[in-house]
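Written below as structure tokens is the structure these notes are about.
The values are calculated or read from the model by the stated rules, or taken from the named source; none is laboratory data. Since the model is a prediction, treat every value here as computed from it, not as a measurement. So basically every Cβ, Gly included, is an ideal-geometry build from the backbone, and we count neighbours across all protein chains shown.
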């Protein structure tokens, strides 16, 4: 059975940096523990550049974050990228590179299940979960709610409900 874990944007800026929260800090050890149950792991890294504040996103979210190469862009302390894990840098909420990778990998050998964890439940996790659901219509796609944190607890719960409506299993 082929199971893949997708660790979404567990980067310093979302944990302890300018967009961090106590909820995000609380899930770091849970995400690290979850990784032990998977042979295949894909990390996404929110990636922006020095012109961030001039981008469409930067004009809405006026907080410079995850600038490539910065300390805030790095994977959070307490989480190690295992040897063989894939890392996808993305400059949008959802990753079309992730979509292509999942589709290609499924064509090589069927992917039975994909589980997503990380931040922010209500932005990047939901975006990439729906992408996974779209490119892997026969796989089980799930999100571990105990390994995710949203911008607020309320928006976290709203995103989980939206994912359930899209036939994404929410593990609690």
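So residue 104 ticks every box in (1) in contact with a strand residue (DSSP E or B) (Cβ under 7 Å, 6 or more places away or on another chain); (2) surrounded by fewer than 18 Cβ atoms within 10 Å (Cβ to Cβ) but one. Which box is left unticked?
Residue 104 satisfies all of (1) in contact with a strand residue (DSSP E or B) (Cβ under 7 Å, 6 or more places away or on another chain); (2) surrounded by fewer than 18 Cβ atoms within 10 Å (Cβ to Cβ) except (1).
Taking the range 91-115 on its own, how many of its residues are touching a helix residue (DSSP H, G or I) at 6+ places or on another chain (Cβ under 7 Å), without any contact (Cβ under 8 Å) to a residue 60 or more places away in the chain and not in a helix (DSSP H, G or I)? Outline the logic, then answer.
Taking the range 91-115 as the starting set, the residues that turn out to be touching a helix residue (DSSP H, G or I) at 6+ places or on another chain (Cβ under 7 Å) are 93-95, 98-99, 102-103, 111, 114.
Checking which are without any contact (Cβ under 8 Å) to a residue 60 or more places away in the chain leaves us with 93-95, 99, 103.
This time we only want the ones that are not in a helix (DSSP H, G or I), so: 93-95.
Here the count works out to 3.
If I go through the range 24-37 residue by residue, how many of them are touching a strand residue (DSSP E or B) at 6+ places or on another chain (Cβ under 6 Å) and either surrounded by fewer than 18 Cβ atoms within 10 Å (Cβ to Cβ) or at positive phi (or both)?
1
Taking residue 84, is it assigned to a strand (DSSP E or B) and on the phi > 0 side of the Ramachandran plot?
Against the criterion (assigned to a strand (DSSP E or B) and on the phi > 0 side of the Ramachandran plot), residue 84 does not qualify.
Keeping to the range 1-26, report how many residues are farther than 29 Å from residue 106 by Cα and in contact with a helix residue (DSSP H, G or I) (Cβ under 9 Å, 6 or more places away or on another chain).
Here is the first cut: in the range 1-26, the ones farther than 29 Å from residue 106 by Cα are 12-26.
With the extra rule that they be in contact with a helix residue (DSSP H, G or I) (Cβ under 9 Å, 6 or more places away or on another chain), the set shrinks to 12-21, 23-25.
Adding up the residues that qualify gives 13.
Counting only residues that are buried (at least 19 other Cβ atoms within 10 Å of the Cβ) and assigned to a loop (DSSP other than H, G, I, E, B), which one in the range 140-168 is farthest from the chain's Cα centre (by Cα)?
Per the stated criteria, the residue is 168.
Mind checking which helices (runs of 4 or more DSSP H) fall wholly inside the range 1-75 and carry at least 1 residues that are free of Cβ contacts under 8 Å to residues at least 24 places away in the same chain and more than 15 Å from the chain's Cα centre (by Cα)? Walk me through how you get there before you give the answer.
Values: elements: 12-15, 22-35, 56-60.
Correct list: 22-35, 56-60.
Identify, from the list 115, 120, the residue that is within 16 Å of residue 46 (Cβ to Cβ), surrounded by 22 or more Cβ atoms within 10 Å (Cβ to Cβ) and either touching a strand residue (DSSP E or B) at 6+ places or on another chain (Cβ under 8 Å) or modelled with pLDDT under 95 (or both). If you could, list the steps in order and put the result at the bottom.
On the way: 115 fails: within 16 Å of residue 46 (Cβ to Cβ).
Answer to the selection: 120.
Could we say that residue 125 is closer than 17 Å to residue 19 by Cβ, modelled with pLDDT of 95 or more, touching a strand residue (DSSP E or B) at 6+ places or on another chain (Cβ under 6 Å) and not in a strand (DSSP E or B) here? Can you show your working first?
Values: closer than 17 Å to residue 19 by Cβ: yes; modelled with pLDDT of 95 or more: yes; touching a strand residue (DSSP E or B) at 6+ places or on another chain (Cβ under 6 Å): yes; not in a strand (DSSP E or B): yes.
So residue 125 passes the test.
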